[in-house]
Amino acid sequence: MLNKKFLSFKTRSYLKNNNITRANTAYSSAKTIGILFSVEDLKKHEQIKHLIKNLEQDGKQVSVLAYLPKGTQNFEFKFDFFTIDELTFWGKFESQAIQNFVNQSFDYLFYIDTESNALIRNILAMSKSKCRIGNYDEENAKFCEMMVQGKDKTIESLIKEMYKYTQLLT
């Protein structure tokens, strides 16, 4: 698709021109956390809801944005979401949910996918978050200040490792 070529160009441009100062904030001082993920199945959805509960119990304000691929069920409308249909021919998103999300200056932004996604990397490039955390993956290296890898490469272990290592930041 031609719009994905334009998306790739836009992503590189956002990376180059995004002048946000990135830094690791001590977890105890962090107030806002963003979560960005692709909807896959009910199990992943429940694991993310559990992470949100843990973060909120730690006193964090959490915002969530989900990518809903074609043919995937949206299990509940608890989270803001976007689809490929919101990507214009020129590789730009026409979504208020995305604009609201990327303009927030999260202390941490968790990107919770085991497979890298070009649409989400574009959002990571636009993000004003101080510290973007994702799965250890060469494609994510330019988009994340911190990368972790789950012990068994499942979403559950990725979430556990992200949460554990973020809590260790002082």
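The values are calculated or read from the model by the stated rules, or taken from the named source; none is laboratory data. Note that the structure is a prediction, hence the values are computed from the model and not measured. Here the Cβ is made from the backbone with ideal geometry for all residues, glycine too, and neighbour counts use every protein chain on show. Surface areas here come from the heavy atoms of the whole protein model, side chains and all, with no ligands, DNA or RNA. Shrake-Rupley method; radii C 1.70, N 1.55, O 1.52, S 1.80 Å.
If we keep just the residues of segment 147-168 that are surrounded by 17 or more Cβ atoms within 10 Å (Cβ to Cβ) and in contact (Cβ under 8 Å) with a residue 24 or more places away in the chain, which is farthest from residue 23 (Cα to Cα)? Here the residue is 155.
This table checks each residue for (1) closer than 15 Å to residue 166 by Cβ; (2) exposed (fewer than 15 other Cβ atoms within 10 Å of the Cβ); (3) without any contact (Cβ under 8 Å) to a residue 12 or more places away in the chain; (4) in contact with a Pro (Cβ under 6 Å, 6 or more places away or on another chain).
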{"position": "15", "(1), (2), (3), (4)": "no, no, no, no"}
{"position": "57", "(1), (2), (3), (4)": "yes, yes, yes, no"}
{"position": "60", "(1), (2), (3), (4)": "yes, no, no, no"}
{"position": "71", "(1), (2), (3), (4)": "no, yes, yes, no"}
{"position": "88", "(1), (2), (3), (4)": "no, yes, no, no"}
{"position": "95", "(1), (2), (3), (4)": "no, no, no, no"}
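Looking across segment 129-146, the residues that are in contact (Cβ under 8 Å) with a residue 12 or more places away in the chain and either more than 12 Å from the chain's Cα centre (by Cα) or in a helix (DSSP H, G or I) (or both) come down to 130, 136, 137, 139, 140, 142, 145, 146. Residues of segment 19-43 that are out of contact with any Cys (no Cβ under 8 Å at 6 or more places or on another chain) and open to solvent by less than 40 Å² (accessible area, probe 1.4 Å): 26, 27, 30, 32, 33, 34, 35, 36, 37, 38, 39. Per the conditions (1) at pLDDT 95 or above; (2) within 18 Å of residue 169 (Cβ to Cβ), the sole criterion not satisfied by residue 123 is (2).
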